[in-house]
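Please treat every number below as a calculation from the coordinates, not as lab data. Since the structure is predicted, the reported quantities are computational estimates derived from the model, not experimental observations. Every residue, glycine as well, gets a Cβ built from its backbone with ideal geometry; the counts of neighbours run over all protein chains shown.
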């Protein structure tokens, strides 16, 4: 899927090997265009060539669409995400590193040290960190027996917490 995702967000109209651009998406009923911009919502994955509901359901717990560059918080990363960092990180090692999503690494150097203790050196941790600025709030309200779902994307920084986006539904 990587070439398809890259084609979806890159500004050009030339498909990569294994990717897809406007020519393919225009031929679908109804036709549409590639965004040629970063994803605003993870649900955009459903529009990508090769992503069916089963693939989307598998990916949605591991991916997110955020409004700006941010790092992957390894303190809350599930084992599958740890395993995606390097082929030497096996499932048992990933579980130990993840600590059920409750790891308390103080910085990337602490992550590197934990990997070395597992006998794994030289993992590329670019784009990884140990903190979170963005949070997703999910609200379920029941009124007269009817459930209503709401959500919000929040950003926390030195100025406090700001609501970046709100939505209704999943």
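A few notes on this one:
- Whole-Å distance, taken between Cα centres, linking the stretch 137-165 and the stretch 41-113: 22 Å
- Taking 1.306 mPa s as the viscosity and 10 °C as the temperature, the Stokes-Einstein diffusion coefficient of the stretch 72-129 based on its alpha-carbon Kirkwood radius rounds to 145 µm²/s.
- Model label zone, residue 68; criterion: amide N under 20 Å from point 7 Å along Cα-to-beta-carbon; scope the stretch 16-46: 37-42
- The slack in the chain from residue 99 to residue 139, taken as 0.36 nm per residue of separation less the alpha-carbon distance, amounts to 11.7 nm.
- Percentage, to the nearest whole number, of Cα pairs in the chain over 21 Å apart: 60 percent
- Fully extended contour minus Cα-Cα distance, from residue 157 to residue 6, at 0.36 nm per residue: 51.5 nm
- Across the chain, C-alpha contacts under 8 Å between residues 6 or more apart give a mean separation that, scaled by the residue count, equals a relative contact order of 13 percent.
- Per residue of the chain, the DSSP helices (runs of n ≥ 4 H) give a summed -39500 (n - 2.57) that works out to -7000 deg cm²/dmol at 222 nm.
- Treating r as the C-beta distance of residue 164 and residue 57 and R0 as 25 Å, the FRET efficiency rounds to 0.50.
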